[in-house]
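Taking it in order: structure first as structure tokens, then the write-up.
The values are calculated or read from the model by the stated rules, or taken from the named source; none is laboratory data. Being a predicted model, the structure only gives us computed values, none of them experimental. All Cβ positions, even for glycine, are placed from backbone atoms using ideal geometry, and neighbour counts span all protein chains on display. Accessible surface is based on the protein model in full, side chains and every heavy atom, while ligands, DNA and RNA are left aside. Shrake-Rupley method; radii C 1.70, N 1.55, O 1.52, S 1.80 Å.
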Amino acid sequence: MSIIEKDRLHGTLDALVLKAHSWGPRHGYAIARWLEETTEDGLQVGEGSLYPSLYRMEARGWIQAEWGMSEIGRKAKIYKITAAGRRQLKAETAQWADFVRVVSLVLEPS
């Protein structure tokens, strides 16, 4: 699979990051690695995209952050999804499914 272009990733990044948190609290680097591993390296999210997304979601109340330790013993900001974040993930997942359905009507042969 080719690496997804940044323009396509931009509109779905928040949903993908929220999904990463649905499996438990994570720090930024762990989120990026989870996305890469889960997509078989199809998505590579750089710091310049990931951290603004995390800050935006924290400001919206979708995630909470606190300082903790990473797997290798380094101080890291650990993010966890909130109830509002779970509701947002559910809404964005439904919107994504609708989008894929209607775009597929046009792009896939009948």
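Of all the residues that make up region 82-110, how many are within 18 Å of the chain's Cα centre (by Cα) and either open to solvent by 100 Å² or more (accessible area, probe 1.4 Å) or farther than 22 Å from W23 by Cβ (or both)?
Applying the first criterion (within 18 Å of the chain's Cα centre (by Cα)) to region 82-110 yields 82-97, 99-100.
This time we only want the ones that are either open to solvent by 100 Å² or more (accessible area, probe 1.4 Å) or farther than 22 Å from W23 by Cβ (or both), so: 86-87, 90, 95-96, 99-100.
Total meeting the criteria: 7.
If you take the residues of region 77-110 that are β-branched (V, I, T) and not in a strand (DSSP E or B), which of them is modelled with the highest pLDDT? Steps first, answer last, please.
Filtering region 77-110 for residues β-branched (V, I, T) gives 78, 81-82, 93, 100, 102-103, 106.
Imposing the further condition that a residue be not in a strand (DSSP E or B) reduces the set to 82, 93, 100, 102-103, 106.
Working: T82: 97, T93: 93, V100: 89, V102: 91, V103: 90, V106: 93.
Among them, the one singled out is T82.
Sort out which residues of region 63-76 are surrounded by 14 or more Cβ atoms within 10 Å (Cβ to Cβ) and modelled with pLDDT under 90, and write them in order of number.
Across region 63-76, the qualifying residue is only S70.
When you scan region 67-75, do you find a residue that is closer than 22 Å to Q88 by Cα and out of contact with any Cys (no Cβ under 6 Å at 6 or more places or on another chain), even just one? Write out each step before concluding.
Restricting attention to region 67-75, the residues satisfying the condition of being closer than 22 Å to Q88 by Cα are none.
For region 67-75, residues closer than 22 Å to Q88 by Cα and out of contact with any Cys (no Cβ under 6 Å at 6 or more places or on another chain): absent.
For region 24-33, what are the residues that are surrounded by fewer than 18 Cβ atoms within 10 Å (Cβ to Cβ) and not in a loop (DSSP other than H, G, I, E, B)? Spell out how you get there, then give the answer.
Residues of region 24-33 surrounded by fewer than 18 Cβ atoms within 10 Å (Cβ to Cβ): 24-25, 29-30, 33.
Those that are surrounded by fewer than 18 Cβ atoms within 10 Å (Cβ to Cβ) and not in a loop (DSSP other than H, G, I, E, B): Y29, A30, R33.
Out of Y79, Y55, Y51, I need the residue that is surrounded by 12 or more Cβ atoms within 10 Å (Cβ to Cβ), in contact (Cβ under 8 Å) with a residue 40 or more places away in the chain and of a type in the set (F, W, Y). Which one? Talk me through it step by step, then tell me what you get.
Numbers: Y55 fails: in contact (Cβ under 8 Å) with a residue 40 or more places away in the chain; Y51 fails: in contact (Cβ under 8 Å) with a residue 40 or more places away in the chain.
Answer to the check: Y79.
State yes or no: is R60 more than 12 Å from the chain's Cα centre (by Cα) and either surrounded by 12 or more Cβ atoms within 10 Å (Cβ to Cβ) or touching a residue at least 60 places away in the same chain (Cβ under 8 Å) (or both)?
Values: more than 12 Å from the chain's Cα centre (by Cα): yes; either surrounded by 12 or more Cβ atoms within 10 Å (Cβ to Cβ) or touching a residue at least 60 places away in the same chain (Cβ under 8 Å) (or both): yes.
Against the criterion (more than 12 Å from the chain's Cα centre (by Cα) and either surrounded by 12 or more Cβ atoms within 10 Å (Cβ to Cβ) or touching a residue at least 60 places away in the same chain (Cβ under 8 Å) (or both)), R60 qualifies.
Of all the residues that make up region 34-47, how many are surrounded by 15 or more Cβ atoms within 10 Å (Cβ to Cβ) and either at pLDDT 95 or above or closer than 23 Å to W67 by Cβ (or both)?
The total comes to 3.
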